[in-house]
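Colleague: Let me begin by handing over the structure; questions about it come next.
Rule-based calculations on the coordinates, nothing more; no lab input. Given the structure is predicted, the values throughout are model-derived calculations rather than measurements. Here the Cβ positions follow ideal geometry from the backbone for every residue, glycine too, while neighbour counts run over all protein chains shown.
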Amino acid sequence: MPHVISQACCNDASCVFACPVYCIHPSPDEPDFATTEMLYIDPDACVDCGACVRACPVDAIYPDTALPAVQLPFIEINKSYYPKRAEGVKLPPTSKLAPILPAAELHQRGKYPLTVAIVGSGPAAMYAADELLTQPGVLVNMFEKLPTPYGLVRAGVAPDHQHTKLVTRLFDEISWRRGFSFFLNVEIGKHLSHADLLEHHHAVLYASGALHDRRLEIDGMDLPGTGTATELVGWYNGHPDFVDVPVDLSHERVVIVGNGNVALDVARILTCNPDKLADTDIADHALAVLRESRVQEVVIVARRGPIDSAFTLPELVGLTQAVDVVLDAEDHARVRNDLATVRDNFTRQKLEILAKLGDASAPIVKPRIRFAYGLTPARVLGESRPTAMEFTVTGTEEVRVIDAGLVLTSIGYHGTPIADLPFDDDAGVVPNEGGRVVDPTTGQRVPGAYVSGWIKRGTNGFIGTNKSDSLMTIQTLAADYNAGLLREPSTGPRAVARMVHARQPDVIDAAGWKAIDKAEIARGDSQDRPRVKFTRVPDMLDEVTDYSDVPLLQNLLGALRRS
Ligand code: NAP
């Protein structure tokens, strides 16, 4: 009864280090870790101890006999990572363990303990805090523009992927550790500057992600009824900046340009039965619009062929289990051609799934998704709203038109410059060496500035990929600290809170976030939902104010419990 890693795998590799027989790969030291779509358990080496199950932060690992039916394809997917062996072969248990990445060791210098400002509160930020707080005495101050933490886990992960959101249990636990402070609802660049942070900290680590999506510069993309998939993601996840995005689903077809995992998320949410979303944390306004939707088909259009599909195998498996997905005859032929030439094992598995999809000529009986390949976007047609999108067959001048009332692009995210730091606009990242910010014009380090996550390496990987990425940045930061390259803050730790309160009286701390969190969960209780989100900042602030009205003793007890 070997264990199996399923679709929700976050790649943070906690399972790899928990496994007593090193049967989960790739491990972070192996070359394909950086590009792997998930981690895989070797069924012939697994000793069935369950240590990986306990270590996984998103409950993605099951004994093969207990896998939910929709996850059954993952038995074969895990197995296919390893060499083919004769049936029934069991490898002898080894006592080998995965090589542990060494924790960053600090040698205390100066008057104050190492004090680090982290900007952003998504996975890269939380994993960086986790790593720093393994060292006694270290102080971490985390700054976040929104009143709620955890970045794309709250505002990016699709509501029907609740397993993935379980990683917030780990993030909560990190935020309760001694030495950690939240400064939520504080915007760097508005309330505080980089210089302000540097004055009060040894180092400032930016883990602010890549907020903006790449735009498609073609005619018609400014019409109402066009937009980006990420705007829709923010809208259905209740991100305050996207609550008022006008989403009109009163027509039958949506076109999404680009076929990465974000496009799949959006297409799935637009086509799945709204009743299936009703017990998730989807924003109420989005659920109401989806219930009235007249959309019958979402066409996900790629400029290249099936072999170059940007979505991952685990997400394709999940998609085809959740909704009807079809291809037209021309694209079925492309899949067959690609199958004849494909070499990579996991791409072959993707193509095999595509080959089995239904034909688009079948009548539409319920909302479905159609993949379309080899079409380069040319322009959006329509006067006041889109009526169709025009493409050329890639590499030719042959024109194809797909009728649609909503046109979304999903062509990747792009980092935005951070005030006072250098920026590589082509790559959308802050230039760095191992996380240490470097000015490309001089080749010199920018004193005290570090990066982690998408703003460091570009927009690739999964939630857990940020664990090893942040660990590397913290190792660099620790080495600089130990070498005496970081300047002592000019004030003691308490001065930070005083400065922040002076600049932003509505700053929210961990207790304030807990109040918002508790209120959202309580709102969800009666509806059997994990939470009902507040989607407007004033409503979030009201909860914090209400919380601060409860008797002082209760607040003190709460703070003691958290410390
Ligand atoms: P992505 O995976 O980079 O996909 C971008 C898509 O846009 C590709 O199909 C690309 O086609 C296409 N594209 C780019 N420029 C184009 C242009 N000018 N015209 C037409 N098409 C264009 O981006 P993403 O979907 O935003 O995902 C970002 C990262 O987040 C990925 O690492 C993804 O795996 C991750 N993510 C993961 C999950 C999950 O695990 N559930 C969910 C969401 C996001 P070409 O390939 O031809 O360039």
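Colleague: For the stretch 32-154, how big is the tail of P(r) above 24 Å, as a whole percent of Cα pairs? Working shown, then result.
Modeller: Details: 3856 of 7503 pairs.
That tail contains 51 percent of the Cα-Cα pairs.
Colleague: Mind checking the alpha-carbon convex hull of the stretch 333-383 and giving the volume per residue in Å³? Spell out each step's value before the answer.
Modeller: Working: hull volume 7.0 nm³, N = 51.
Convex hull of Cα atoms, per residue: 136 Å³.
Colleague: Shifting gears a bit: Using the count of nearby Cβ atoms within 10 Å as a rough guide to exposure, how do 174, 24 rank from fewest to most? Can you show the working numbers first?
Modeller: Details: 174 19, 24 27.
By the 10 Å Cβ count, ascending, the order reads 174, 24.
Colleague: Check the chain for me: any Cys whose beta-carbon has no other cysteine beta-carbon within less than 4.7 Å?
Modeller: 9, 10, 19, 23, 46, 49, 56, 272
Colleague: Also, I was wondering about something else. Can you list the HN-Hα couplings for the stretch 94-102, worked out from phi with the Karplus curve (6.51, -1.76, 1.60; θ = phi - 60°), rounded to whole Hz and with x for Gly and Pro?
Modeller: Rounded to whole hertz, the list is 10, 9, 6, 10, 5, x, 6, 6, x.
Colleague: Between residue 69 and residue 190, how many nm apart are label points set 7 Å from Cα along the C-beta direction?
Modeller: Simple spin-label model gives 4.8 nm for this pair.
Colleague: A further question follows. Give me, ordered by chain and number, the residues 5 or more places off residue 211 or on other chains with an amide H under 5 Å from its own placed amide H.
Modeller: 416
Colleague: Right, another one. Would you please state which residues of the stretch 33-48 a label at residue 86 would reach in this model, taking the label point 7 Å out along Cα→Cβ and a backbone N cut-off of under 20 Å?
Modeller: Inside the label zone: 43-46.
Colleague: Further question on the same structure: Convex hull volume of the Cα atoms in the stretch 217-412, per residue, in Å³?
Modeller: Working: hull volume 23.6 nm³, N = 196.
Roughly 120 Å³ of hull volume per residue.
Colleague: Next up: Using Cα pairs closer than 8 Å and at least 6 residues apart in sequence, work out the relative contact order for the stretch 217-412, in percent. Show your work: numbers first, answer last.
Modeller: On the way: 386 pairs, mean separation 64.0, N = 196.
Contact order relative to length: 33 percent.
Colleague: Full extension from residue 337 to residue 494: what is 0.36 nm times the residue separation minus their Cα-Cα distance, to one decimal in nm? Before the final figure, lay out the partial values.
Modeller: Values: separation 157, 0.36 × 157 = 56.52 nm, distance 6.52 nm.
Stretched fully, the residue 337-residue 494 segment lengthens by 50.0 nm.
Colleague: OK, next. Need the C-alpha centroid separation for the stretch 43-87 versus the stretch 118-178, integer Å.
Modeller: About 28 Å separates the Cα centre of the stretch 43-87 from the one of the stretch 118-178.
Colleague: For residue 536, put the label point 7 Å out on the Cα→Cβ axis and report which residues of the stretch 242-256 keep their amide N under 18 Å from it.
Modeller: 242-247
Colleague: Along Cα→Cβ, 7 Å out, is where each label goes; now give me the distance between the ones at residue 511 and residue 54 in nm to one decimal.
Modeller: In this crude spin-label approximation the distance works out to 3.5 nm.
Colleague: When averaged across all projection directions, what area in nm² does the alpha-carbon convex hull of the chain cover? Show your work: numbers first, answer last.
Modeller: Details: hull surface 112.4 nm².
Average of the hull's projected areas for the chain equals 28.1 nm².
Colleague: Hey, can you grab everything whose amide H is under 5 Å from the amide H of residue 206? Only 5+ residues off in sequence or another chain; H modelled, so Pro and N-termini drop out.
Modeller: So residue 206 has HN proximity to 119, 450, 451, 452.
Colleague: Follow-up question, since we're still on this one. Short version: ³J(HN,Hα) in whole Hz for each residue of the stretch 141-152, in order, from phi by Karplus 6.51 cos²θ - 1.76 cosθ + 1.60 (θ = phi - 60°), x for Gly and Pro, what are they?
Modeller: In residue order, the calculated couplings are 10, 9, 10, 9, 5, 7, x, 10, x, 5, x, 5 Hz.
Colleague: Looking only at Cα atoms, what is the convex hull volume of the stretch 176-324 per residue, in Å³?
Modeller: Details: hull volume 29.0 nm³, N = 149.
With only Cα atoms used, the stretch 176-324 gives 195 Å³ per residue.
Colleague: Please work out the C-alpha center-to-center distance from the stretch 193-226 to the stretch 346-392 and express it in whole Å.
Modeller: Going from one Cα centre to the other spans 31 Å.
Colleague: Show me, for the stretch 239-245, the HN-Hα J-couplings you get by feeding each phi into the Karplus relation (A = 6.51, B = -1.76, C = 1.60, θ = phi - 60°), rounded to Hz, glycine and proline as x.
Modeller: Whole-Hz 3J(HN,Hα) from phi for the stretch 239-245: 5, x, 6, 10, 4, 9, 4.
Colleague: Continuing with the same structure: Assuming 0.36 nm per residue, please report the length gained on full extension of the stretch residue 47 to residue 134 beyond their Cα-Cα distance. Show your work: numbers first, answer last.
Modeller: Working: separation 87, 0.36 × 87 = 31.32 nm, distance 3.02 nm.
Working it through step by step, the gained length comes to 28.3 nm.
Colleague: Give me the number: length gained by fully extending residue 427 to residue 545, i.e. 0.36 nm times residue separation minus the C-alpha to C-alpha distance, one decimal in nm. Please list the in-between numbers first.
Modeller: On the way: separation 118, 0.36 × 118 = 42.48 nm, distance 4.20 nm.
Full-extension gain reported as 38.3 nm.
Colleague: Would you please give the residues with an amide H less than 5 Å from that of residue 388, counting only those at least 5 places away or on a separate chain, with H modeled from the backbone geometry?
Modeller: Those qualifying (amide H under 5 Å, at least 5 residues apart or on another chain) are 381, 404.
Colleague: Using all Cα-Cα distances in the stretch 3-80, what percent lands in each 5 angstrom bin from 0 up to the longest?
Modeller: Reading upward from the zero bin: 3, 18, 31, 29, 15, 3, 0.
Colleague: Say the cut-off is 21 Å between C-alpha atoms; which of 111/514; 190/533; 84/356; 276/533; 90/467; 79/350 go over it?
Modeller: Working: 111/514 33 Å; 190/533 26 Å; 84/356 24 Å; 276/533 17 Å; 90/467 32 Å; 79/350 15 Å.
Distance filter (> 21 Å) returns 111/514; 190/533; 84/356; 90/467.
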